[in-house]
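What follows is a set of notes on a single structure, which appears directly below.
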């Protein structure tokens, strides 16, 4: 009888021990549950903070994009009286003081004469380089044969006149690459670096037939349409401008960068 009581007592001790362990486990489970609740609250708070941060980043990105566009417009406006000329006989040995006179003799004066013949200017006008050209300077190039020249005119009227009469007034030469006649001098708008990069981006796109600029704004035509598209923002892409119905890929074509 005593042995049975002892066995029962031992079983009770074992059960009590297990119950105590269960209490400990239950306490730990309660702690884990509390910790999980805290983590959920913390996670919700972090998600809300991340959403707010994303919203702020989007606003700042939009502000940066707007400011970049404004700076680019100001930069391009500052170049509104300027042109870039390729093909003038100017080398590193050419005196800087001679650059303006070369521009006047070979570019400006022939265009003025053409404007006079067209009745756009009085025939008695005798232009002087210093009155028409504010500044003219050569840009260093990799070759020593001809250097690009930037010309800033005293007014936009002279600049526009050069663009209007360059084809009829300036000499033509045969292009050895295709045996066709072309202008001896290439004359372009003086583009801001950002607009120049945009022009290259679109002119290199195989879906673009031709790309050019007008008053600093990049314009282009696709290879399968006569519609002219305008690039209005530095963030514009072919896909954001051209409707999807006409933006299907096409065979590569030779794009041109013209003014």
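The values are calculated or read from the model by the stated rules, or taken from the named source; none is laboratory data. As the structure is a computational prediction, the values presented were derived from the model and not from experiment. Using ideal geometry, Cβ is built from the backbone for each residue, glycine included, and neighbour counts are taken over all protein chains shown.
Within the range 203-214, can one find any residue that is in contact with a helix residue (DSSP H, G or I) (Cβ under 7 Å, 6 or more places away or on another chain), part of a helix (DSSP H, G or I) and farther than 19 Å from residue 153 by Cβ? Let's see the steps before the verdict.
Step one: of the range 203-214, the residues in contact with a helix residue (DSSP H, G or I) (Cβ under 7 Å, 6 or more places away or on another chain) are 205, 207-208, 211, 213.
Filter once more, so that each one left must be part of a helix (DSSP H, G or I): none.
Scanning the range 203-214, I find no residue that is in contact with a helix residue (DSSP H, G or I) (Cβ under 7 Å, 6 or more places away or on another chain), part of a helix (DSSP H, G or I) and farther than 19 Å from residue 153 by Cβ, so the answer is no.
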Worksheet item: Can you name the number of the only condition in (1) in a helix (DSSP H, G or I); (2) modelled with pLDDT of 95 or more that residue 85 fails?
Response: (1)
Response to the item:
Going through the range 92-128 in order, the residues found to be in a loop (DSSP other than H, G, I, E, B) and in contact with a helix residue (DSSP H, G or I) (Cβ under 8 Å, 6 or more places away or on another chain) are 94, 118, 120, 121, 122, 123, 125, 127
Practice prompt. Just need a number here: residues in the range 106-146 that are at pLDDT below 90 and closer than 22 Å to residue 186 by Cβ.
Written response: 8
Practice prompt. Any chance you could count how many residues in the range 129-163 are in a helix (DSSP H, G or I) and in contact (Cβ under 8 Å) with a residue 40 or more places away in the chain?
Written response: 6
Worksheet item: What's the number of the condition residue 229 fails, among (1) closer than 30 Å to residue 106 by Cβ; (2) modelled with pLDDT of 95 or more; (3) in a strand (DSSP E or B)?
Response: (1)
Worksheet item: Based on what the data block shows, is residue 182 closer than 23 Å to residue 118 by Cβ, outside the structural domain of residue 213 (by TED's automatic domain parsing), touching a strand residue (DSSP E or B) at 6+ places or on another chain (Cβ under 6 Å) and crowded, with 16+ Cβ neighbours inside 10 Å?
Response: no
Worksheet item: Taking the range 184-203, which residues are without any contact (Cβ under 8 Å) to a residue 60 or more places away in the chain and more than 15 Å from residue 74 (Cα to Cα)?
Response: 197, 198, 199, 200, 201, 202, 203
Discussion item. Which numbered condition in (1) in contact with a helix residue (DSSP H, G or I) (Cβ under 8 Å, 6 or more places away or on another chain); (2) buried (at least 19 other Cβ atoms within 10 Å of the Cβ) is the only one that residue 159 fails?
Written reply: (1)
Worksheet item: Within the range 164-179, how many residues turn out to be in contact with a strand residue (DSSP E or B) (Cβ under 7 Å, 6 or more places away or on another chain) and either over 20 Å from residue 105 (Cβ atoms) or not in a helix (DSSP H, G or I) (or both)?
Response: 5
